[in-house]
Amino acid sequence: MDDPTLSLVLFSGTDDKLNAAAVLTAGAAAMGWKVNIFLQYWALDAFRADKIHKEHGVAPEAGPGGTEALRRHGGQHWSEIFGQAKEIGEVGFHACSLSMEMFGLKVEDLDPLVDDQEGVASFFVDVDGPVTFI
Amino acid sequence: MDDPTLSLVLFSGTDDKLNAAAVLTAGAAAMGWKVNIFLQYWALDAFRADKIHKEHGVAPEAGPGGTEALRRHGGQHWSEIFGQAKEIGEVGFHACSLSMEMFGLKVEDLDPLVDDQEGVASFFVDVDGPVTFI
Amino acid sequence: MDDPTLSLVLFSGTDDKLNAAAVLTAGAAAMGWKVNIFLQYWALDAFRADKIHKEHGVAPEAGPGGTEALRRHGGQHWSEIFGQAKEIGEVGFHACSLSMEMFGLKVEDLDPLVDDQEGVASFFVDVDGPVTFI
């Protein structure tokens, strides 16, 4: 493929899924992929400037053992991994307009990683390859 | 891409994910995409004629604040958004045969949005582009 | 498409999602697709040799009724369905290096279904078509 694009719909706002999304984004960017991220619902809420560095919980299935392994392993916060992916590749973060309205948010309420807000139809204009929902 | 197709595997049956799926379907249909939806497990259960308009809960991570924002925001029910997507574009709903058997359901037990039931191999025959699991 | 490839990122480790993933893999393999599976987080944990045949729970939304329908329906365990998919098609299981490190696992701790471990960048080298996150 020439100029492959990964379109990522981020819906979930737990630290384990956001970490998985950040690792996939970094891996794709490192391999020359463009990554287009659409932030919805609980993932959008997790990108609020006043919340992004707080704990966002993990999936219920993690259980106490899984949560402990995740916290103990530490490493970088998912927001830092996303930031690095943005430095090495073409990675865009777009807040879903409908979710912004639902939470009563403006773009300036979000972390500076987020580039802009757009509607779902605009998101599909840029789709050219996989569409992955996390 | 000519005639792009979005293949959507709907697994989850909570109102937040079904709403996200409906919005993505409507956005794709508005941009000229064909959308093929495969209903499995809890999503299939949510499409039962006697359940589709009831509350189906939200992801545990929503918390009381998120649930309240979702309910307060209101707007259209996801089944209405799916219905409009079907009017403006080529959107098909196929119930997974294995899940139908698991729940002991027949096509007439489901909401009229659902076109038919099919096996997973038939679903893959029509895949031509992204496969998104929600 | 010639030689289509389904790239599957398995993140979730509950029996309902693993069963859905196994059915999709078997369906894709039956239709001549190559399937590349990347095991992360709770899905990786579920592939540990000493855990794969134990119960891994279901999504919270299943409720008591859904859980009962799933257990009663029975049928084959998802690990058997994955095994059959591997016999009929080209299906590879790759453990995510970062998740292996997080859990302190070696490849020999995993079920023999798993072929090897690799980093996320290597996973993207083989992506050629849909990328589905479960």
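The values are calculated or read from the model by the stated rules, or taken from the named source; none is laboratory data. These numbers come from a predicted model, not from an experiment. Positions of Cβ are backbone-derived with ideal geometry, glycine not excepted, and every protein chain shown enters the neighbour counts.
Brief remarks follow.
- Helices (runs of 4 or more DSSP H) contained in segment A:1-103 and holding at least 1 residues within 14 Å of chain C (Cβ to nearest Cβ) and either over 25 Å from C:ALA121 (Cβ atoms) or not basic (Lys, Arg) (or both): A:15-30, A:41-46, A:63-73, A:78-88
- Residue, surrounded by the most Cβ atoms within 10 Å (Cβ to Cβ), within segment C:104-132, restricted to residues that are away from chain A (no Cβ under 14 Å), among the hydrophobic types (A, V, I, L, M, F, W, C) and assigned to a loop (DSSP other than H, G, I, E, B): C:VAL114
- Candidates A:PHE93, A:PHE38, A:PHE11, filtered to the one that is at pLDDT 95 or above and farther than 20 Å from B:ALA62 by Cα: A:PHE93
- Residue match in segment C:25-33 (condition: under 27 Å from A:LEU6 (Cβ atoms) and under 12 Å from the mean Cα position of the chain (by Cα)): yes
- For segment A:100-107, the count of residues that are in contact with an Asp or Glu (Cβ under 7 Å, 6 or more places away or on another chain) and closer than 23 Å to C:VAL9 by Cα is zero.
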